[in-house]
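The values are calculated or read from the model by the stated rules, or taken from the named source; none is laboratory data. No experiment lies behind these values; they were computed from the predicted model shown. Don't worry about glycine lacking a Cβ; one is built from the backbone with ideal geometry, like all the others, and counts go over all protein chains shown. The protein model used for the area step is the full one, side chains on, heavy atoms only, and it has no ligands, DNA or RNA in it. Shrake-Rupley method; radii C 1.70, N 1.55, O 1.52, S 1.80 Å.
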Amino acid sequence: MAMAGPDIELLIREAFPDAHVIVTDLAGDGDHYGARVVSQAFAGKSRIQQHQMVYAALKGRMGEALHALALETAVPT
């Protein structure tokens, strides 16, 4: 069963309460999403570390309930 966009956003917001999060259904199929996450928690982290932090926030659902996630992370300016 696929995850809904609001569920993805909720998990990310729980892990990064300060974050600005935008989740988009890229294909309109409820199975391929894009997410932009901007959080101070990413300061000093490499892009790979930032993405790992977001994947950890998804609590093992990446590759299971969540098939594909195009991820963009950033630190607030």
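Close amide H contacts of ALA68 (hydrogens built in the peptide plane, cut-off under 5 Å, sequence separation of 5 or more or a different chain): TYR33. Relative contact order of the stretch 12-77, taken over Cα pairs closer than 8 Å and 6 or more residues apart, is 38 percent. For helix 5-15, what angle does its Cα long axis make with the longest principal axis of the chain, in degrees from 0 to 90 and rounded to 10? Once rounded, the angle reads 30 degrees. If you take the beta carbon distance between SER46 and LEU10 as r and set R0 to 30 Å, what does 1/(1 + (r/R0)^6) give as a FRET efficiency, to the nearest 0.05? The computed FRET efficiency comes out at 0.70. Extents of the chain, largest first, come to 35, 21, 19 Å (Cα atoms, principal axes, whole angstrom).
Counting only protein heavy atoms and a probe of 1.4 Å, the accessible surface of the chain is 55% carbon and sulfur.
Taking 0.36 nm per residue of separation and subtracting the Cα-Cα distance, full extension of the segment from ALA68 to TYR55 would add 3.5 nm. Taking the Cα centre of the stretch 1-76 as origin and assigning +1 to Lys and Arg Cβ atoms and -1 to Asp and Glu Cβ atoms, the resulting dipole is close to 340 debye. DSSP beta bridges fully contained in the chain are about 45 percent antiparallel.
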